[in-house]
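To keep things clear, I will list the structure first and then write my remarks on it.
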Amino acid sequence: MSSRPFTIVIAAVLEALIGLVSAVAGIYSLYTAIAGRATDPVSSALPLTVIGVGVGALLVFVAYGLWNLRDWARTPVVVTQIFMAVVAYYMYTGSST
């Protein structure tokens, strides 16, 4: 049996999933720039690619640290979840017009 608490396993998997989604979104931004569908590839699509892939890599790294029960990984995971809760709240309550 694993020495990891079940809640840590869930948190690490969810953090890694968020990181992978961020990286995929960044790669999709690169795809739109290469395919010519981005309106301004140099000033919007390429920086968004770098940010998406970079944030995704950092989140997967933090999830790996949490999986291995590293103390330094707890704070970035909590901050990420708080940020996601704020974004989700404003997306839910925001106007769509």
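Please treat every number below as a calculation from the coordinates, not as lab data. Since this is a predicted model, take the numbers as computed values, not measurements. Cβ atoms come from the backbone with ideal geometry, glycine included; neighbour counts cover every protein chain shown.
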Quick check on my filter: what residues within segment 1-38 are of a type in the set (Val, Ile, Thr) and touching a residue at least 24 places away in the same chain (Cβ under 8 Å)? Ile8, Val9, Val13, Ile18, Val21, Val24, Ile27
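Anything in segment 62-80 that is without any contact (Cβ under 8 Å) to a residue 40 or more places away in the chain and either of a type in the set (Gly, Ala, Ser) or in a helix (DSSP H, G or I) (or both)? List them, or say none.
Gly65, Asp71, Trp72, Ala73, Arg74, Thr75, Pro76, Val78, Val79, listed by residue number.
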Considering every residue within segment 7-26, establish whether at least one is more than 25 Å from Gly65 (Cβ to Cβ), touching a Ser or Thr at 6+ places or on another chain (Cβ under 7 Å) and surrounded by 13 or more Cβ atoms within 10 Å (Cβ to Cβ). no
Would you please name the residue that is farthest from Ala16 (Cα to Cα), looking only at residues in segment 41-63 that are surrounded by fewer than 15 Cβ atoms within 10 Å (Cβ to Cβ) and among the hydroxyl-bearing types (Ser, Thr, Tyr)? Ser43
